[in-house]
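Below is one structure, written out as structure tokens, with a few remarks after it.
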Amino acid sequence: MSEAIIQTYTRADEAFDCLQTAIVKGDLIPGEKIGEVELCSRFNLTRGPLREALGRLESRGLLVRRPHAGVKVVSVSASELMELYRIREVMEGLAARQAAERMTDQEIADLQRTLDTHEQMIEEAQGQAYYQAEGDYDFHHRVATGSRNTKLAQMLLGDLYYMVRMYRYRLSTSTGRPHRALGEHRRIVEAIAQRDGELAEFLMKRHINAARLNIEKKIQEGELTI
């Protein structure tokens, strides 16, 4: 019995990871209506694990279910996305300041090594994309948890985190942006390592502001449809 439970859980977890990655990378686009039959065929999934995965994605705010309309990938308007980035700018700036004060030397070293792996991934993508898996592999996630501010981390790593991840990857595909973003990440970590909270906050806010300006530019030029 226990083996069956573990096996079912594993398939559901894999289905969840598969669909979440598809949403983040834009294979399932914001606003797209999805059905179980199509998803099973498209991603080689079975109904039971798929349904559990859909429920988890809905609880994370990545899917929305409407009466008589089915399930859709969540979407936001351009103005809502801009608001999300302005919120991030303030909150993540504070997280960077507190991370400079509170992260251990080992955590900072681990974060620097994480950025080394990011650089390898960017090179493998020939500088065309900067994809970060969630959790400890995500630079912004590590800084938020490193702030040791429980309430702040809860706000940054709740629905806001998963919503923003949907757009971060799509926006990282601008020419030259992956390398620029990685350089900005490295400078933020250097400030954290120097225990310069004021500089870390300034650099993080400037980094997110640059991402927001990139979004606005892509929308204005018609390269990004929200």
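Each value in this text was obtained by applying a stated rule to the coordinates, not by laboratory testing. What you see is a predicted model, and the numbers here were worked out from it, not measured in a lab. Positions of Cβ are generated from backbone atoms using ideal geometry, with glycine treated the same way; all protein chains shown enter the neighbour counts.
Which distance in nm do the two modelled labels at LYS33 and PHE202 give, with both placed 7 Å along the Cα-to-Cβ direction?
Result for the modelled spin labels: 5.2 nm.
Please state the charge dipole magnitude for the chain, taken about the Cα centre, from unit charges on C-beta atoms (+1 on K and R, -1 on D and E), reported in debye and rounded to the nearest 20.
640 debye
Which label marks the calculated value of volume of the Cα convex hull per residue in Å³, given the options [x] 123; [y] 176; [z] 149?
Answer label, from the structure shown: [z].
What residues have an amide H closer than 5 Å to that of LEU63, excluding those fewer than 5 places away on the same chain, when H is modeled at 1.01 Å from N in the peptide plane?
Those qualifying (amide H under 5 Å, at least 5 residues apart or on another chain) are GLU58, VAL74.
About the Cα centre of the range 57-158, how large is the charge dipole given +1 on each Lys and Arg Cβ and -1 on each Asp and Glu Cβ? Please answer in debye to the nearest 20.
680 debye
Would you please report the Å³ per residue occupied by the convex hull of the alpha carbon atoms in the range 101-226?
Taking only Cα atoms, the range 101-226 has a hull volume of 97 Å³ per residue.
Let me check I've understood the local charge: for GLY127, count other residues with C-beta under 13 angstrom from its C-beta, Lys and Arg +1, Asp and Glu -1. What total comes out?
Net local charge, GLY127 excluded: -1.
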